[in-house]
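One structure is given below, encoded as structure tokens.
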Amino acid sequence: MSLTHTEHQQAIAEWHKLEICRILIWKEEEYTQFQHDMGLSYLEWYCKGTDQYRMALECSRLFWAWWRSCWLNRDMAFVDSCGIENVSLKFRRELYEELNRGSYLVNDIRPGKVIIDDCKQLIYN
């Protein structure tokens with residue numbers, strides 16, 4: 001049986017999520033909550049002073065799909081880091097948390113035009 005592109009991406013994301021949970025000794029619920037919390041933190045930084053846009057992006061399926069895609073890229077890099085398991089659990093967790101902190105990411109990643117346009121539709125309709 002052949003997987004569709006979407007199913008293949010979902011399988012890759014699931015594998016990396018489980019691998020991060022193993023490396024950080026987290027439950028899946030902790031991982032998912034952290035991912036969501038950091039998304040909200042990112043929006044706080046990205047939409048500073050514009051609550052209307054922040055709230056619209058919080059409701060945008062496109063934003064959250066983009067967020068999970070960016071998250072997967074960081075997870076893949078983290079898992080592929082040479083020797084990550086040779087450092088203390090405390091250091092691994094601190095590093096992972098820092099790499100995913102909204103205040104840090106706001107300088108590196110930005111949602112694209114399609115997501116911004118979706119946000120505007122949510123505001124003005």
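The values are calculated or read from the model by the stated rules, or taken from the named source; none is laboratory data. No experiment lies behind these values; they were computed from the predicted model shown. Cβ placement follows ideal geometry from the backbone for every residue including glycine, while neighbour counts extend to all protein chains displayed. Ligands, DNA and RNA are stripped out before the accessible areas are found, and what is left, the full protein with its side chains, is counted by its heavy atoms. Shrake-Rupley method; radii C 1.70, N 1.55, O 1.52, S 1.80 Å.
Worth a mention:
- Residues satisfying the criterion are present in the range 71-79 (criterion: aliphatic (A, V, I, L, M) and closer than 30 Å to Gln121 by Cβ).
- Single unsatisfied condition, Leu18 versus (1) surrounded by 16 or more Cβ atoms within 10 Å (Cβ to Cβ); (2) out of contact with any helix residue (DSSP H, G or I) (no Cβ under 7 Å at 6 or more places or on another chain): (1)
- Single residue of the range 104-122 satisfying the filter (out of contact with any Ser or Thr (no Cβ under 7 Å at 6 or more places or on another chain), assigned to a helix (DSSP H, G or I) and open to solvent by 30 Å² or more (accessible area, probe 1.4 Å)) that is farthest from Ala56 (Cα to Cα): Tyr104
- Odd one out for Cys70 among (1) in a loop (DSSP other than H, G, I, E, B); (2) open to solvent by less than 30 Å² (accessible area, probe 1.4 Å): (1)
- Selection over the range 50-67 of residues that are more than 23 Å from Glu14 (Cα to Cα) and open to solvent by less than 80 Å² (accessible area, probe 1.4 Å) gives a count of 5.
- Of all residues in the range 30-49 being over 19 Å from Ala13 (Cβ atoms) and either exposed (fewer than 12 other Cβ atoms within 10 Å of the Cβ) or aromatic (Phe, Trp, Tyr) (or both), the one that is modelled with the lowest pLDDT: Gly49
- Counting the residues of the range 73-95 that are within 17 Å of Glu14 (Cα to Cα), open to solvent by less than 40 Å² (accessible area, probe 1.4 Å) and touching a Leu at 6+ places or on another chain (Cβ under 7 Å) gives 1.
- The C-beta contact set for the range 4-18 (first residue at positive phi, second residue among the basic types (Lys, Arg), distance under 8 angstrom, 6+ apart or interchain) is empty.
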